[in-house]
Each structure stands twice: as structure tokens, then as C-alpha cells.
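In what follows, a structure is listed as C-alpha cells, so that the remarks can point back to it.
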Amino acid sequence: MSLKIKNICCIGAGYVGGPTMAVIARNCPKIQINIVDINEKKIKEWGNKDLNKLPVYEPGLDEYIKECRGNNLHFSSDVEKYISTADMIFLSVNTPTKTQGIGAGQASNLKWIEASARQISKYATGHTIVVEKSTLPVKTALTIKEILNGSNIDNDKTFQILSNPEFLSEGSAINDLEKPDRVLIGGENKEAIDSLINIYANWVPRERILTTDLWSSELSKLIANAFLAQRISSINSISALCEKTGADIKQVSLALGTDSRIGPKFLNAGPGFGGSCFKKDISNLIYICDHYGLYEVSKYWQKVIDINFWQSERISNLVVNKLFGNLSNKKISILGFAFKANTNDTRESPAIKICRNLLEEGANLKIYDPKVSKSQIDKDLGEFLPSNKNINSEYGNWIYCDLAEKTFEEADATLILTEWEEFKFLNWYDLALKMRRPSWVFDTRSIINLDLAKKAGLKIWSIGNGTLIK
Ligand code: NAD
Ligand code: UGA
């Protein structure tokens, strides 16, 4: 037995809510889907006729929006109305790390989850299945259940809670949602679980839909992110050893990845992992372990974060060292600001910390990213806004460029911080002519053609590449 779901409401129109619901909408044309958000500006942007101006950039997403918006996919800030008409409600709100109070810097801030649960409790009608899509600390379903039932004074509504964590990666979200490795559904009630299975079964092979208990599902999501982040910190730690010993991290990654037990993915060394989730989710894991007195376990995971911090720090330090220990008034080209390619998201991007470090050393940066706007960089570099420059005259300055080539005028160095495809094909010969000598390329993603850059007379540092040791 399962319930026939006709109306879905998704609370949260962000990087998860938008693409996830667009994919459900296209695969389930008979279900009406309303995505609601308290951020009216964002809702307006989702309605933009110009599909290049959606609030989330994801390759392929525009096609889904074009096909479904106005048919069975709708965006609204009327949260109450669409809660009341839904048979199933997805919670896709943000769960960032707490910045103050108990657990500051580690625990997840669940205020948006709690607010949503209270609204559901108040405005839902009849029977409603509430699905946790956000990444949550293990046992959050217990809190949600208490809130949902607690204010249901007349006992005229019923709820079931499911955990259905999202595993999409930004930049490949549409593909990840269309062809997921697995869909995970945790719950206690077979009817509710089957209702959600029936939705996914419209396009996901049944054997890829896993069902577990609630706590295993909630915890698996945190641990999946912790394992992925751990792989990156492992390879990044070895990139530093390669640079000292003359080994090449790309060759080491290949040798490791061909072992079928290790596998080839997630072995690219870089400036450190960014994105809104890895650091937040490991921090939350650490907090939970400490809560249960598992201090050795939490210390183990803390090291993954420590190495990540160290990796971006060592990159900005080595840029300063290679440029004679002085960046004052030197011009540096910055290529890429997003935390990875194919997204406009800059949350926890290593570019933010590296740029801040260089600005503190007095560098003048010219920043280009194909998808990140100037206003976003303004927010991320905060106190380094040009208008605040007189606060500390030793600080450098930055400007935004709308083409990669424009960042190279008179530059002493260029830093490649995001692995955008277009940076792989830069014309090093022409660019070198624009730069001041000696001119450096710091390739933190190991994507450029080293031979061409060398022939153009550039000095090169490429992550984990010990063969460049002189
Ligand atoms: P986001 O910040 O892009 O979007 C969350 C949205 O929820 C915001 O637009 C916010 O205004 C809205 N919101 C908050 N409280 C609300 C309320 N009470 N009513 C209506 N709207 C409300 O966040 P995101 O990146 O989409 O992440 C959402 C969750 O999914 C997080 O728990 C995250 O850990 C998890 N997750 C994210 C990704 C990813 O790639 N970004 C992948 C998997 C899982
Ligand atoms: C990650 C996970 O991959 C998703 O499964 C998960 O759903 C999501 O977090 C989440 O919960 O938010 P995402 O952060 O979008 O997805 O991107 P990733 O591809 O995982 O990259 C994260 C960071 O690691 C990026 O800064 C990326 O450049 C870096 N990275 C990734 C490397 O440095 N090397 C690699 O080999 C892979």
C-alpha cells in the first residue's frame, strides 16, 4: 500500500530544492510541485524569463525550468498556502554551522528546520509525509516529530517523517539526480516509504533505491561527506610530499586509483575542498562524537579539516615566497573564484581565503570567474572592499574583470584557483607578453599545458608536481 502523491511542496528554493524539484517535475508530470521560500528575491529570480538569470547555475537546469515552470513546477513565497495543499513536503532549507552559542563552529544551526516544522504543524491539513532533504544531525527526525505533533492540539492532522538525504554535487546536479548511484530513504512507516519510492521509481531503477531506518539514513549522509572530504585531505597531504620529493601527484593518483578497492574518483589534488557542506558536515560529526564522549573519533575527523586549512594556507605562503617575499603593489591575476567548476557558488571557496591572504600582503588582484558575479566577490572579500581601503593602508586592492585575458596586464603572477574548462586552453604565448617578468603561473588545480606555459617563458608551480623542482 502507498499513498498517491498529487501535490508536493518543497520548502527552500536553493541549490538543492531548485534542481531536485525540477528533476522530479520533469519525471512526474502528473504531480504538481510548489517550491516555496521566504527569500522573495530568490523566488522572483526563479521566475525570470531570461534563463541565464536563475539564482542557481547548473548545467542543463535551464532546460528543465523551461519545460516545467508554469506547468507542474511553481515558485512562490506563500509558504503557508502550499504547505496546506501538500500531501508530501520536502525540507530543503539551509543547515549551516552555528556561529555563536553552544556548539559554535561545530553544531548545525537548526533554526530554519525548526521554523519550517512549526509552519507545517500549523498549516498542514489531513495526512502529510514530511521528508528531510536537508543534511541533518542524526536523530533530528525525533525533534521534527515532536514539533509536528506537539502543536497539533485538535489531533486533526497526521504526519509521517522520512529521511531522504541528497547526494548531488554542484556542477553535475542534473546528471546526479537523473542517474543517482543510489537514492536513500529512511523511515519507520512502510506506506510512507512506498509513497516516496513510487516517485523515484519513475526514473530510478528499483535496485538503486535503498531503504533503511531513520537514524542510519540521517547518519549515512554525514558520513558520506566525511569520507569524500577525507579522500581530498589525504591526496592534498601527499601533494605536498610530492613537491618535496620529485614525485608527481597525478601519477601517484593514477597508480592509486587503478586499484579497484580505492577507485579513481576524488583523487585530484587542489587548493583544499570548499563548498557549503564538507566542512559543515564534518564539524557536525565532530560535535556529535564529542557529545557521545567519542573523543578519539572526533580528533581523527578534526585532522581532515586541519589539513584542508593548511593546504590553502601553504599555497598563499608559497606565492609570497616565490615573489621574493613581498607582494606590496604587485599585480596578481586570479582565475576562478567558485569553489569548483560549473557552479556560481562560492561558499567556503578556497579562493576566498587565498585572496584575503594575498590582499593582506598588499597585492593588487584582478579577479575573473566565468559565473561568479562581482557583487558576490564583494560579499566574500568583505572588509577588502575598495571603499574600505583606508582602514589599513597596507592592504592591497582588487578589481573584477569580465575576461580572463584582462587579468594579465602587467601581472607578476597568475593563480588558477578553479578548474574551469576555459583555463585549460589559455594562449600562454600571448598572455606571457602582457605580464611583467619574471612571471609566474601557480596552477592549484594542475590543469594547464605545462609545455606551452614553459615555452612561453613562464615560471611554473603546479600542485603536487615535484618534477618542477629546480
Ligand atoms: P541554500 O541556502 O541554497 O537554500 C536553502 C533555502 O531555504 C534558502 O533559499 C532559504 O531562504 C530557504 N529557507 C530557510 N528557511 C526557510 C523557511 N522557514 N521557509 C522557507 N524557506 C526557507 O541551501 P542548499 O545548498 O540548497 O542546502 C540545503 C540543504 O541541503 C542543507 O542542509 C545542505 O547541507 C544540504 N545539501 C546541499 C547540497 C548542495 O550541493 N548545496 C547537496 C546535498 C545536500
Ligand atoms: C559534495 C558531495 O560530493 C555531494 O555528494 C554532496 O551531496 C554535497 O557535497 C553536499 O552534501 O553538499 P559538492 O560540495 O557540490 O558535493 O562538490 P564536490 O564535487 O564534492 O567538491 C567539493 C570540493 O572538493 C570542491 O572544492 C572541489 O574542488 C574539491 N575536490 C573534489 C577536490 O579538490 N578534488 C577532488 O578530487 C574532488
How about LYS145: which aspartates and glutamates have a C-alpha closer than 14 Å to its C-alpha, ignoring those fewer than 8 places off in the same chain?
-> GLU114, GLU132, GLU188
For the cross-link pairs LYS6/LYS111; LYS250/LYS455; LYS379/LYS424; LYS98/LYS371; LYS250/LYS331; LYS250/LYS379, which exceed 32 Å when the distance is taken from alpha carbon to alpha carbon?
-> LYS250/LYS379
To the nearest 10 square angstrom, how much accessible area does ASP194 have with a 1.4 angstrom probe?
-> 30
Kirkwood hydrodynamic radius of the stretch 305-468, from inverse mean 1/r over distinct Cα pairs, in Å | 15.7
Give the residues of the stretch 289-312 whose amide nitrogen is closer than 14 Å to a point set 7 Å from the Cα of SER234 in the direction of its Cβ.
-> 301, 304
Cα→Cβ-extended label distance, 7 Å offset, between SER172 and GLU191, nm = 4.0
Average accessible area per residue (Å²) across the stretch 362-456 - probe 1.4 Å, nucleic acids and ligands excluded = 48
Which of the chymotrypsin sites (Phe, Trp or Tyr not before Pro) found in the stretch 242-316 are loop residues per DSSP with 14 or fewer other Cβ atoms within 10 Å of their Cβ?
-> TYR292
For the chain, what is the charge dipole size about the Cα centre, in debye to the nearest 20, if Lys and Arg each add +1 at the Cβ and Asp and Glu each add -1 at the Cβ?
-> 660
For the chain, the percent of accessible surface on carbon and sulfur atoms (probe 1.4 angstrom, ligands and nucleic acids excluded) is 52
Accessible area of VAL56, 1.4 Å probe, to the nearest 10 Å²?
-> 10
Using just the C-alpha positions of the chain as equal point scatterers, what log10 of I(q)/I(0) does the Debye formula give at each q in 0.07 1/Å?
-> -0.41
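The values are calculated or read from the model by the stated rules, or taken from the named source; none is laboratory data. Since the structure is predicted, the reported quantities are computational estimates derived from the model, not experimental observations. Every residue, glycine as well, gets a Cβ built from its backbone with ideal geometry; the counts of neighbours run over all protein chains shown. Side chains included, ligands, DNA and RNA excluded: accessible areas come from the protein's heavy atoms. Shrake-Rupley method; radii C 1.70, N 1.55, O 1.52, S 1.80 Å.
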